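Please read the structure below before turning to the comments.
The values are calculated or read from the model by the stated rules, or taken from the named source; none is laboratory data. These figures come from a predicted structure and were not determined experimentally. Here the Cβ positions follow ideal geometry from the backbone for every residue, glycine too, while neighbour counts run over all protein chains shown.
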């Protein structure tokens, strides 16, 4: 039996999953990321893979998802929240440490691959997946293959300006990327919290805002309605550019169930079409989706390798 091993490498944790050929989970394990140490991160990944394969008694294909990307210009890691990896030839060093190949992609691409393979968008030709959590990211899968682009930034909708801004949304909040008014500053969890405090003066986090809205707090309800409208505008821009069959939401804010009903009702105003057939769905695999997508990434690389040579 050939295993498909997937790894989700983040700033605080490393997760590994082992899938059988039918996508059934054989093993899933997490450990803390060795924060701040490049060498320790490489060795932790090596050891976790070795331990998993030893326990299961078989080797597997390898795929990994993580925030950031390998720069096509320099070959070095960029834009990762595991900041000690930035500026390093991470993929080459990891393969040297492992003594074998591993497919690496952005975590949002892995989410899109997972949900497009056997998740909420299974069978769809074009899938756009959104991460709305601590940050805002996106990944695009077309006919089962993630699209990276020549700059390795395909799907990075969070660093475009919020479209059709209202007067009170201008000039926009500063973003860590150096610009102002980025979608991420509005639609991330911290962005929702910042909007709430700006309007109400009350500092509470998104889960508390959602709970308050449920019990009838009108200020919290207004914050969520502003969020829904901004999310609809942001996604309508994606639909106008890509026209995906399905958009799947991931990240902590994707658990807000009302988004799946309210946002499509709003986005039709902004989509350049007489009707909108794009579906908005929750991830079938929840928090496991990204690491499952990493497993499919490695498996697909092996399957595609003969024709690529």
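Okay, here's what the table says:
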{"read-out": "Filter result for the condition that a residue is surrounded by 13 or more Cβ atoms within 10 Å (Cβ to Cβ) and without any contact (Cβ under 8 Å) to a residue 40 or more places away in the chain, over 55, 15, 24, 51", "value": "51"}
{"read-out": "Top-ranked residue in region 138-168 [being within 25 Å of residue 207 (Cα to Cα) and in contact (Cβ under 8 Å) with a residue 40 or more places away in the chain; ranked as farthest from the chain's Cα centre (by Cα)]", "value": "162"}
{"read-out": "Residues within region 241-254 that are under 14 Å from residue 183 (Cβ atoms) and surrounded by fewer than 23 Cβ atoms within 10 Å (Cβ to Cβ), tallied", "value": "1"}
{"read-out": "Residue 21 closer than 21 Å to residue 300 by Cα and within 17 Å of the chain's Cα centre (by Cα)", "value": "no"}
{"read-out": "Subset of region 196-206 [exposed (fewer than 15 other Cβ atoms within 10 Å of the Cβ) and either assigned to a loop (DSSP other than H, G, I, E, B) or not assigned by TED's automatic domain parsing to the domain that holds residue 172 (or both)]", "value": "201, 203, 205"}
{"read-out": "Meets criteria (out of contact with any strand residue (DSSP E or B) (no Cβ under 7 Å at 6 or more places or on another chain), surrounded by 15 or more Cβ atoms within 10 Å (Cβ to Cβ) and at pLDDT 95 or above) for residue 193", "value": "yes"}
{"read-out": "Answer from 307, 289 - the residue that is at pLDDT below 95, in contact with a helix residue (DSSP H, G or I) (Cβ under 9 Å, 6 or more places away or on another chain) and closer than 19 Å to residue 146 by Cβ", "value": "289"}
{"read-out": "Residue match in region 240-252 (condition: part of a helix (DSSP H, G or I), out of contact with any strand residue (DSSP E or B) (no Cβ under 8 Å at 6 or more places or on another chain), assigned by TED's automatic domain parsing to the domain that holds residue 130 and at pLDDT 95 or above)", "value": "yes"}
{"read-out": "Residue 280 being closer than 21 Å to residue 107 by Cα, touching a helix residue (DSSP H, G or I) at 6+ places or on another chain (Cβ under 9 Å) and crowded, with 16+ Cβ neighbours inside 10 Å", "value": "yes"}
{"read-out": "In region 216-236, residue nearest to residue 200 (Cα to Cα) [restricted to those that are surrounded by fewer than 21 Cβ atoms within 10 Å (Cβ to Cβ) and touching a helix residue (DSSP H, G or I) at 6+ places or on another chain (Cβ under 7 Å)]", "value": "219"}
